[in-house]
Amino acid sequence: MQDILKQYETVTQADVKEWFFVGNVSDFPENSGACIKYKTKQIAVYNFTRTSQWYACQNLCPHKMEMVLSLGMIGDKDGIPKVACPMHKKNFSLKDGSNLGGEDLKIATYPVKIENGNVYIGFSD
Amino acid sequence: MKKIIVVGNGMVGYKFCEKFVAQAESKNFKLTVFGEEPRPAYDRVHLSEYFGNQDAKALEMAPREWYENHNIELITNERITAIHRSSKKVSTIKDEHYKYDYLLLATGSAPFVPNITGVEKKGIFVYRTIEDLEAMLEYADKLKTTNSDKVRAAVLGGGLLGLEAAKAVMDMGFEPHVVEFAPKLMPRQLDTRASKVLQEKIESLGINVHLSKATNKILGDETITGMEFGEYDKIDVEMLVISAGIRPRDELAKTCHLEMGTRGGIVVNDRMQTSDPEIYAIGEVVLYNQMIYGLVAPGYDMAHVAVNQIIGNSDVLMQRDIDMSTKLKLIGVDVASYGEPFMPVEKGYSIIYENKTKNLYKRINVSHDGKSLLGGILVGDASEYNMFHQIYLNGLPIPEDAEELILGSRGEGGSSFGSVMDIPDVAQVCSCESVTKGDICCSITEGDCQNLGDVISKTKATTGCGGCKPMVVDLVNETLKSLGKEVKETLCEHFSFNRQELYDLVKINKVSDYEEALNLFGEGHGCEICKPALASIFATITMETPNRQVAIQDTNDKFLANIQRNGTYSVVPRVAGGEITPDQLITIGAVAKKYDLYTKITGGQRIDLFGAQIHELPLIWKELIDAGFESGHAYGKSLRTVKSCVGSTWCRYGMHESVTFAIEIENRYKGLRSPHKLKGGVSGCIRECAEARGKDFGLIAVEGGWNLYVCGNGGATPKHAILFAEQLDDKTAIKYLDRFLMYYIRTAGPLVRTAPWLDKLEGGIEYLKQVIIEDSLGIADELEIEMQGLVNKYECEWKQAIENPEMMKRFKHFVNSDDTDDNLVFVPMREQKMPKAWT
C-alpha cells in the first residue's frame, strides 16, 4: 500500500512537463469534485465555481489509504480552500496539501489549467 | 553538524524526536533513530485495540513519512549490539558502524518471565509488541480449529498490563483467567477494598480471577495444558500470557560499563545523563531516584529534559517527585489513583465511600489538619479524577468538611469545589503534552485563539490520551466568557446562526438553494458541516431529494448509498415494518448473486447488500425498482425503519396488529429528512419484541389502544423512550407523531437525535407534552399541515435518479475513463467476500 502512496508527489507549475487533458469544464460538477485517471494515478479535481478556481490533488486519503478524496465535500477554512475526506472528515488544504487539523498527514497537489473550456492537469512524469 | 543517535523507537523514543524537531536549534543536529522492531513507534498503551481492528497503522505514533519530512533518519528492524565509548561509535547487528556526538538510550523494557518449570512450552506468550499479538492470534486460530469447546487462556499477573491482556484474550474468544500472586488485583495502585470492587465488576464481565496463587509448574508435554499452584490446586488452560512486570533493556549499557543499579536499570542524574556525560537515557530503561518508572508520562517528561539538555538549555531538569497518578479504563471499568493512594495513619486520615450495588469506590486521603488532599482512589466512575488530581497537585483548598468532595455538598450552592478557573496557571492540565492551564487560557487572552479548535491546534492539549478534554472545554468556555465573548452556538465559521435560526431564515425568505443562503446569511465557501445541515433544512421545508443540490450532500446522500470501507457502497431497499414476500426475497437474492454482493440482515429488519461499486449502483437499483422496491434511505439522516413484532396477526399474546400499523407509519414518513437519523418501533403487546422503547418513537399496544413513547435510542448512549401519551387510537397516534416529528425537525441542532434534543429542551418532557398534546404554542395545526405537505410530496429518489440521464452522470469513478477503481481488493470470508484489511 505504501507504494500506492509513493507515486503521488506535489507538482508545481514550474515542474510541469505535460499538461494532460482531462475533459471539458462541463464534465466536472460545480462546487464539487470528480476523479480522473492519469497512467496509474487517480487524481481528484475540484471546481470551485463560486471563485472560478480549480484545484487537484491525489484521490488517495493518506489516513486509511482509501481512493475517496474526490467524493469529499469542498469549502474553506479561514479562507483556505479545502476538502473534507468523506471517510473520517480529515480536512486537507487544497493550496498546499497540508492537514488542517494539524495532523501529520499530507496530500500531493497538482496544478490545473483551463483553456478554451478544456481542463488540463499538470504532471511532471 | 553534530550527530545524535537514538537507540530505541518506542513511545518515549518517538516523543524525544517529536520534542526535538519542535526546537529551532534542532537544525544544527542530525538525528538517526534505530528501532529493532519492523515498524515505526506505536502506541503500546492501547495495544489491546489491535485485537479489535488488527490495524497496526492506527496505532502508529507517526507514519514513516513524518520522520522523513523532519529530516530524521529512521532505521527499523536493526538492533544496536555494541557501544564503543572511546571512539563514540555504535555497531549494529549487521556489523555497520555509526558515529555519534550524543547518544540517547531509549531501549525501554522487556516483559519479565519468571523462572517457572515448563515456561518454555508451546502456547506461552508475552504481551508487549504487535508481533507478540500476531503470534497469539495465529496460535489462537490453530487452537480454535482443533477444539470444539471454548478454549481457556490464563494471564499471569493481575496488574495494569495483565488486566489489559485479559481483555485482549477475552476479545479473542477465549475463556479468560487472571492469576495473581498477591491477594488482590492491581496491588501497586489499589487498596484491598478498591481492588475487591474492581474484581467483582470484572468477574461479572466473565473474567475469572485467581488470587494468592504462586505458580509452581506449567503442565503439559510440549504444549501447555494447565498451571499448577499446589499439590491439588491447578487450572486447565490451553494458552498463557505472561504479564508479570518489566525488566529494563539495559544490556547495551551493561556491556559498555555505564553505571547500573544493583537490580538493573541505567543510573541517570536529573539531566538524564548516564555516568558517561555524552550518553543520555530515558524511559523504562532508566533508574532514577532508585526507581524504574513503568508509566509513559514520566518517560515523556524525561524526553523533554533530554532534548533541552542536548540543545543547551541546561537549566531544564527532571523533577524529584514524579507524579504516578493514573486514570484508565480497564475492560470498560474506570480506575484511577493519584498522589498517595494508601494512607499511613501518621500522615492523615481517609474518607471512603463504597457502593457495592453500583460497583463504585471512592477514597480520599486528607491531611490531619483537613486542609489538603494527599491522594486517593476512584473505581467505577473516575469522572472527578481531573479535578481531584489538580487539587492534589496544586494544593488547592478543599471544603472544610472534606467529605463533600466525594459526597457532594448538602448545603446551599451545589458544587463543592469552585470553578476550573481557581486552578493556578502553572497547573498541568494535559500531562501527555505538558500543557498548563496558563498555556490554555493565554492562548485566548493573549494569543489569537478564538475557540476550542484553535486552542487545541495551538497547544496540542487533548491530542494525547484525551482524558483532559472535559477540563480543557470548561477552561476555554470560562475564559471566553470572562472576556465577555458570547459562547454562541453557531453552525460553523460560515454561518453565525444555529440550525433552528437558519431553518426559519430559509423558510421565511423562501431561499431556493445553498448558494443563495450562503450569499444572504453566510460568508466564505461553506464546509462539510454547513452544507449537509442546509441540505437537510431544504429537504424538510420542500421535500426536495438529494438529486437536486448534489454538491451540498454528504457523500452517502450524494450517491444514495452508504459508503463503506475501501470506497465501495452498500444498498438497502425499503422493507416497511420488516414484512417481505418470498418473491421479494428471491429478487434481492438474485440481485446480490448477480453483482456478487455480501448480504447481511440489518438491525432494522431489512437486508443490506455490501460491496457495490459506484457504477453498479444504478444497475442494481434499476433491477430492484423494476421488482417494486424503493430506496430505504439507509444512507440519509432521515427515517430509517419502523421495526415491528408480528402482533395479533399471528402471535397468541398480540393485542393489536403491530405489523399493519408499523407499515402504515413507515410508509407515511419514508423519505423524511431530519437533523439526525430517525427510527421507530411498534410492538403488539407489552412484551415489547419490537424494542420500540429503544427508538426515537415507539408504540406499544395496550388494552384500548396504543401507548406512545418518544425520544429513545440505542447506540453509544442508550436511552429508553419516555411514555408520552396512553391508549391512543390509530388516528390520534399519527396526529401526535406528525406534530412531534415536525417540532423536532424544526428545532433540533444538526446531528442531534431526539433523546439529547429532549435533554436540552427547557421544561423537558412535560413542556413537550404541552406543546404537542395541549398545543400551548398554538402551532399544532401548522405542524400537522407541514407534515402532510411533506408526506404528499414523497418521491423515491432512486427512481428519480435512474430515469434522468443527467443525474446518472455522477455514478462513475473517473471522468476521463470508463475504467473502474483498480485498487479495490476483496478477500473471501465464510462463503462470501469482504474488503481487504487496511494496511
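The values are calculated or read from the model by the stated rules, or taken from the named source; none is laboratory data. The shown structure was predicted, so the numbers you read here are calculated from the model rather than taken from an experiment. With ideal geometry, Cβ positions are generated from the backbone for all residues, glycine too; neighbour counts draw on all protein chains shown. Ligands, DNA and RNA are excluded from the accessible area calculation, which covers all protein heavy atoms including side chains. Shrake-Rupley method; radii C 1.70, N 1.55, O 1.52, S 1.80 Å.
Every test in (1) under 16 Å from residue B:48 (Cα atoms); (2) in a loop (DSSP other than H, G, I, E, B); (3) of a type in the set (A, V, I, L, M) is passed by residue B:165 save one, and that test is (2). Here residue A:41 clears all of (1) more than 7 Å from chain B (Cβ to nearest Cβ); (2) crowded, with 23+ Cβ neighbours inside 10 Å; (3) within 18 Å of residue B:824 (Cα to Cα) except the condition numbered (2). Checked against (1) within 11 Å of another protein chain (Cβ to nearest Cβ); (2) more than 21 Å from residue B:750 (Cβ to Cβ); (3) open to solvent by less than 50 Å² (accessible area, probe 1.4 Å); (4) of a type in the set (Gly, Ala, Ser), residue B:447 passes all but condition (1).
In segment B:597-677, which strands (runs of 3 or more DSSP E) lie fully inside it and hold 2 or more residues that are surrounded by 21 or more Cβ atoms within 10 Å (Cβ to Cβ) and hydrophobic (A, V, I, L, M, F, W, C)? Give the derivation first.
Details: elements: B:598-601, B:607-612, B:639-644.
The strands (runs of 3 or more DSSP E) meeting that bar are B:607-612, B:639-644.
Here is a yes/no grid of residues against (1) in a loop (DSSP other than H, G, I, E, B); (2) in contact with a strand residue (DSSP E or B) (Cβ under 9 Å, 6 or more places away or on another chain); (3) in contact (Cβ under 8 Å) with a residue 60 or more places away in the chain:
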position: B:480; (1), (2), (3): no, no, no
position: B:502; (1), (2), (3): no, yes, no
position: B:507; (1), (2), (3): no, no, no
position: B:526; (1), (2), (3): yes, yes, no
position: B:531; (1), (2), (3): no, yes, no
position: B:537; (1), (2), (3): no, yes, no
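Only one of A:114, A:74, A:80 is away from every other protein chain (no Cβ under 11 Å) and at pLDDT 90 or above. Can you tell me which? Among A:114, A:74, A:80, only A:114 is away from every other protein chain (no Cβ under 11 Å) and at pLDDT 90 or above. Residue pairs whose Cβ atoms lie under 6 Å apart, sitting 6 or more positions apart in sequence or on different chains, and linking a residue in segment B:805-825 that is facing chain A (nearest Cβ under 8 Å) and part of a loop (DSSP other than H, G, I, E, B) to a partner that is of a type in the set (S, T, N, Q) and surrounded by fewer than 18 Cβ atoms within 10 Å (Cβ to Cβ), are B:813/B:820. Considering only residues in segment A:1-38 that are facing another protein chain (nearest Cβ under 9 Å), under 15 Å from the mean Cα position of the chain (by Cα) and of a type in the set (Val, Ile, Thr), the one that is farthest from residue B:553 (Cα to Cα) turns out to be A:22.
Can you confirm whether segment B:680-700 contains a residue that is of a type in the set (Ser, Thr, Tyr) and touching a Ser or Thr at 6+ places or on another chain (Cβ under 7 Å)? Yes; the residues of segment B:680-700 include at least one that is of a type in the set (Ser, Thr, Tyr) and touching a Ser or Thr at 6+ places or on another chain (Cβ under 7 Å). Looking at segment B:402-418 only, could you name the residues that are surrounded by fewer than 13 Cβ atoms within 10 Å (Cβ to Cβ) and modelled with pLDDT of 65 or more? Matches in segment B:402-418: B:408 only. Among the residues making up segment B:524-571, those that are within 9 Å of another protein chain (Cβ to nearest Cβ) and among the acidic types (Asp, Glu) are B:528, B:554.
The single condition among (1) closer than 30 Å to residue B:748 by Cα; (2) in a helix (DSSP H, G or I) that residue B:587 does not meet is (1). Being of a type in the set (Val, Ile, Thr), open to solvent by less than 60 Å² (accessible area, probe 1.4 Å) and more than 27 Å from residue B:640 (Cα to Cα) holds for only one residue in B:815, B:771, and it is B:815. Of note, residue B:467 satisfies the criterion of being open to solvent by less than 30 Å² (accessible area, probe 1.4 Å) and either at pLDDT below 80 or in contact with a strand residue (DSSP E or B) (Cβ under 6 Å, 6 or more places away or on another chain) (or both). So which residues in segment B:524-535 are of a type outside the set (A, V, I, L, M) and under 19 Å from residue A:93 (Cβ atoms), if there are any at all? Once the filter is applied, which keeps residues that are of a type outside the set (A, V, I, L, M) and under 19 Å from residue A:93 (Cβ atoms), segment B:524-535 yields B:524, B:525, B:526, B:527, B:528, B:530, B:531. Does residue B:12 satisfy being open to solvent by 60 Å² or more (accessible area, probe 1.4 Å) and either acidic (Asp, Glu) or part of a helix (DSSP H, G or I) (or both)? Taking the combined requirement at face value, the residue does not satisfy it.
Residues of segment B:678-693 that are closer than 22 Å to residue B:547 by Cβ and open to solvent by 10 Å² or more (accessible area, probe 1.4 Å): none at all. Applying the set (1) part of a loop (DSSP other than H, G, I, E, B); (2) in contact with a helix residue (DSSP H, G or I) (Cβ under 8 Å, 6 or more places away or on another chain); (3) of a type outside the set (Gly, Ala, Ser) to residue B:784 leaves exactly one unmet item: (1).
Answer yes or no: is there a residue in segment B:74-83 that is closer than 25 Å to residue B:302 by Cβ, charged (D, E, K, R) and not in a strand (DSSP E or B). Break it down into steps so the answer makes sense when it comes.
Filtering segment B:74-83 for residues closer than 25 Å to residue B:302 by Cβ gives B:74-76, B:78-83.
Keeping just the survivors that are charged (D, E, K, R) gives B:78-79.
Applying the additional criterion that residues be not in a strand (DSSP E or B) yields B:78-79.
Yes, segment B:74-83 has at least one match.
The criterion of being among the hydroxyl-bearing types (Ser, Thr, Tyr) and touching a Lys or Arg at 6+ places or on another chain (Cβ under 6 Å) holds for residue B:536. For segment B:572-582, filtered to residues that are open to solvent by less than 30 Å² (accessible area, probe 1.4 Å) and not in a helix (DSSP H, G or I), the residue that is farthest from the other protein chains (Cβ to nearest Cβ) is B:575.
The condition of being open to solvent by 20 Å² or more (accessible area, probe 1.4 Å) and under 28 Å from residue B:306 (Cα atoms) holds for only one of B:101, B:141, B:132, that being B:101.
Taking the listed residues B:2, B:19, the one that is among the basic types (Lys, Arg), over 22 Å from residue B:255 (Cβ atoms), buried (at least 17 other Cβ atoms within 10 Å of the Cβ) and away from chain A (no Cβ under 14 Å) is B:19, with no other qualifying. Taken over segment A:44-57, the criterion of being at the interface with chain B (Cβ under 9 Å from one of its Cβ atoms) and aliphatic (A, V, I, L, M) is satisfied by A:45 alone. Among residues of segment A:95-111 that are more than 11 Å from chain B (Cβ to nearest Cβ) and under 25 Å from residue A:14 (Cα atoms), those with a Cβ under 6 angstrom from a residue that is of a type in the set (S, T, N, Q) and open to solvent by less than 10 Å² (accessible area, probe 1.4 Å), sequence gap 6+ or separate chain, pair up as A:107/A:58; A:108/A:58.
Assess whether residue B:55 counts as being within 11 Å of another protein chain (Cβ to nearest Cβ) and either closer than 21 Å to residue B:107 by Cβ or within 27 Å of the chain's Cα centre (by Cα) (or both). Judged against the criteria, residue B:55 is a match. Restricting B:773, B:779, B:734 to residues that are out of contact with any Cys (no Cβ under 7 Å at 6 or more places or on another chain), under 21 Å from residue B:679 (Cα atoms), of a type outside the set (Lys, Arg) and modelled with pLDDT of 90 or more narrows the list to B:734.
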